[in-house]
Amino acid sequence: MSQRAAPVSRLRASIKLLRLTGLLFRGLWTIYTRFSRLDEEARTAEVRRWSQDVLQALGVRQETSGAAQGAGVLYVCNHVSWLDIIAINAAAPVHFVSKSDVKAWPVVGRLVSAAGTLFIERESRRDAMRVVHQVAEALRSGDRIAFFPEGTTSDGRGLLPFHANLLQAAISSACPVQAMAICYADAWESPSSSAAYIGDDTLIQSIWAIARAPGLTVRLRYGPVHETGETDRRTLSGEVREAVSASLTALLAP
């Protein structure tokens, strides 16, 4: 039996973090100097290129299966890590719905705000309704919106209960919903917890764990599309959760 590789050395991991820091400042420079002057297509290309560079800087490979739908789609995905957002944008950029405290994160908050993230106070029912209307309008305008209905991160080996209020936005706008799944694998194609951002982990600890993980791969799978014209939120939530679960099972299979 072959031995598992040792973690990436501290020196190599530190070099990765230096590259990541450079990309963060490059992102800020782009936002403050020219991002507002770009049209939507150019912004999308910039976000995708920057996200791909982040994965490369951290030494994370990406494998994508299935096809992302076009404009005016609500994507529903399981949630493992802050890196999920980078991986999804590296494949096909979207606007995310995120918890409001992310907006206050140093540097990262400014980057995700500029990328068109919609922020929600998860504990406030009134704010949830505001965001539902905002997402519905964005979908009608042809935006691609993504959210994580689990509401928090997991270890990536299964699904938590769904909080699917935002599915009402797709129903109200008569726009389709596409299921997605994401997971992380080590150099031996086994599920990896290196990227999981759970428990008492800090963001810095999570970034360091990813930088030291040897041969880390993020796997992203685009699942089936669900039309919303003749359904209700409860039914749609159950169907989409089954689809996300099936896609995650396929990703985790040897």
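The values are calculated or read from the model by the stated rules, or taken from the named source; none is laboratory data. If you're wondering where the values come from, they're calculated on a predicted model, not measured in any experiment. FYI the Cβ positions are ideal-geometry reconstructions off the backbone, even for glycines, and counts take in every protein chain you see. Quick note on the areas: whole protein, heavy atoms, side chains included, nothing else; ligands and nucleic acids left out. Shrake-Rupley method; radii C 1.70, N 1.55, O 1.52, S 1.80 Å.
Test of understanding: what is the full-extension gain from R234 to W29, defined as 0.36 nm times their sequence separation minus their Cα-Cα distance? Please report the intermediate quantities before stating the final value.
Details: separation 205, 0.36 × 205 = 73.80 nm, distance 4.35 nm.
Result: 69.4 nm gained on full extension.
Carbon and sulfur: what percent of region 56-164's accessible surface (1.4 Å probe)?
52 percent
Ranked highest first by the average count of other Cβ atoms within 10 Å around their residues, in what order do 213-219, 236-242, 75-81, 100-106 fall?
Output ranking for 213-219, 236-242, 75-81, 100-106: 75-81, 213-219, 236-242, 100-106.
Per residue, how many Å² of accessible area does the chain show with a 1.4 Å probe?
Numbers: 12850 Å² over 254 residues.
Computed with neighbouring chains in place, this is 51 Å² per residue.
I need to check one value: relative contact order of the chain, counting alpha carbon pairs closer than 8 Å and at least 6 residues apart, in percent.
Relative contact order of the chain: 26 percent.
Using the per-residue mean of other Cβ atoms lying within 10 Å as a proxy for protection, in what order, highest first, do the peptides 201-211, 33-43, 87-97 fall?
For the peptides 201-211, 33-43, 87-97, the packing ranking is 87-97, 201-211, 33-43.
Of all GluC sites (Glu not before Pro) in region 118-171, which ones are in loop regions per DSSP and have a Cβ with at most 16 other Cβ atoms within 10 Å?
Listed in order of number, the matching sites are E121, E123.
Give the average over all directions of the projected area of the C-alpha convex hull of the chain, one decimal, in nm². List each step's numbers first, then the result.
Working: hull surface 54.0 nm².
So the Cα hull casts an average projection of 13.5 nm².
Run the numbers for A67 and R157: contour at 0.36 nm per residue of separation, minus the present Cα-Cα distance, in nm.
Taking 0.36 nm per residue and subtracting the Cα distance, the gain is 30.1 nm.
What 222 nm value per residue comes from the helices of the chain, counting each DSSP H run with n ≥ 4 as -39,500 (n - 2.57) and dividing by all residues, nearest 500 deg cm²/dmol?
Calculated from helices alone, the mean residue ellipticity at 222 nm is -14000 deg cm²/dmol.
Could you please state, rounded to a whole Å, how far the C-alpha centre of region 157-214 is from the C-alpha centre of region 122-153?
Using only Cα atoms to place each centre, the spacing works out to 17 Å.
What does the charge count around T228 come to, taking other residues whose C-beta lies under 14 Å from its C-beta (Lys +1, Arg +1, Asp -1, Glu -1)?
-1
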